[in-house]
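Written out below as structure tokens is the structure these notes cover.
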């Protein structure tokens with residue numbers, strides 16, 4: 001059997017991508033070298049846009065019961081004086097969710113895997129170590145070794161490597177990584193509280209100590225995390241020794257308060273791959289970009305990759321021009337890079353305790369503690385999003401209440417296209433819903449706020465085009481339809 005798409009790597013990015021593909025009727029093979037899901041915490045944060053993707057997948061309501069809303073982050077100096085305050089809004093945002101959540105990653109992965117297990121078009125292959133990838137004109141052949149030592153090959157029309165920082169897929173594609181200069185070893189410690197410790201606080205705290213910068217994260221339930229810089233003369237085994245760990249945490253917590261759940265040394269890097277696609281092979285998640293953790297955007301960036309790519313792959317499988325896949329890197333790479341660069345800046349603040357940097361990163365200057373705002377970069381320019389006349393193109397469209405309750409807009413359109421225009425396009429692509437703003441006051445208000453008369457919204461919820469009249473709205477969309485075989489490929493854009 002030749003699958004439509006093989007997804008190499010079953011972490012959050014791979015599982016999200018597989019769910020979005022399977023929901024469109026794409027046959028998916030997910031491959032992972034491990035036998036079971038990693039049970040310890042890794043990522044601890046995601047945002048409202050990513051929760052919106054999880055809503056599309058169908059796990060958001062269940063996930064909401066397992067996470068906690070994050071009130072924000074504070075940066076303090078060695079005397080605990082507040083340098084920079086980064087409050088996160090507690091009200092529901094335009095995406096229909098809270099701005100920031102704290103999570104236990106295994107909770108998320110369990111929900112993603114459970115959802116995929118229900119999909120008709122998905123197959124999971126674990127304990128399979130892929131050792132070679134071969135590309136032909138028609139498909140990708142994956143060769144690897146099963147747990148029992150036997151060799152096996154699988155084939156798919158496309159392959160997406162969500163296979164992490166040491167990605168085999170990226171190595172085969174070639175091109176290397178653009179290193180943005182951040183390379184530091186940090187000790188990550190997760191603990192389980194034995195008794196309540198409300199004095200530790202609900203905010204995350206960046207301790208800008210010039211000798212040893214540290215981070216405190218308030219995770220859900222009884223979990224708490226500290227991230228601590230490792231010095232050059234400290235070996236991994238030395239700094240992860242339990243006695244040494246408790247010594248480093250002694251300012252806040254002791255073995256009487258908590259048990260150590262995990263202690264590991266990570267090298268935080270800042271890199272963006274220079275090539276995200278070669279023919280039928282693509283990369284996503286950590287295979288495509290690595291970021292320091294100070295913005296909590298590592299996993300989020302991979303989830304955005306999945307939302308951007310899944311509908312494009314489905315379109316190409318149904319006859320769209322493969323140039324559509326070229327827009328994936330041109331849109332996603334600059335967007336990911338913006339988050340990496342901001343995280344580097346925050347890392348510099350934590351390391352240097354530089355108040356001038358804090359002032360530049362904040363909303364305004366002045367004396368006293370400053371406040372920071374979250375960034376919201378646009379997609380990079382592509383043949384799908386190149387529109388210099390409307391500033392809203394390349395930015396997400398909010399989740400408008402259509403009268404059926406909060407978050408009703410996404411529920412109504414699903415992972416599909418939507419057109420909001422006073423005039424219905426003559427050739428509306430299949431699986432695209434048209435909304436007349438005259439019949440939906442909330443949509444009319446949204447258009448007015450954007451300063452335009454009509455918009456095309458893509459399945460990833462980004463605005464693909466805007467128009468004052470709506471007549472030329474779908475020019476970008478039709479550019480990639482296979483007009484020579486349009487009847488056969490009616491689901492050109494599912």
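Tabulated data for the structure shown
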| item | result |
| --- | --- |
| Given (1) touching a helix residue (DSSP H, G or I) at 6+ places or on another chain (Cβ under 8 Å); (2) within 29 Å of residue 259 (Cα to Cα); (3) in a strand (DSSP E or B), number of the condition residue 130 does not satisfy | (2) |
| Qualifying residue in the range 32-53 (condition: surrounded by fewer than 21 Cβ atoms within 10 Å (Cβ to Cβ) and more than 25 Å from residue 305 (Cβ to Cβ)) | yes |
| Residues (under 21 Å from residue 293 (Cβ atoms), free of Cβ contacts under 8 Å to residues at least 60 places away in the same chain and surrounded by fewer than 20 Cβ atoms within 10 Å (Cβ to Cβ)) located in the range 60-106 | 69 |
| Failed criterion for residue 267 (all others in (1) free of Cβ contacts under 8 Å to residues at least 60 places away in the same chain; (2) over 21 Å from residue 193 (Cβ atoms); (3) not in a helix (DSSP H, G or I) hold) | (1) |
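To keep it simple, each residue is scored yes or no on (1) on the phi < 0 side of the Ramachandran plot; (2) modelled with pLDDT under 95; (3) in contact with a strand residue (DSSP E or B) (Cβ under 9 Å, 6 or more places away or on another chain).
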{"site": "90", "(1), (2), (3)": "yes, yes, yes"}
{"site": "94", "(1), (2), (3)": "yes, yes, yes"}
{"site": "107", "(1), (2), (3)": "yes, no, no"}
{"site": "116", "(1), (2), (3)": "yes, no, yes"}
{"site": "123", "(1), (2), (3)": "yes, no, yes"}
{"site": "132", "(1), (2), (3)": "yes, no, yes"}
{"site": "152", "(1), (2), (3)": "yes, yes, yes"}
{"site": "163", "(1), (2), (3)": "yes, no, yes"}
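The values are calculated or read from the model by the stated rules, or taken from the named source; none is laboratory data. Predicted model, so just to flag it, every value in this text is computed and none were measured. Please note: Cβ atoms are built from the backbone with ideal geometry, for glycine as well, and neighbour counts cover all protein chains shown.
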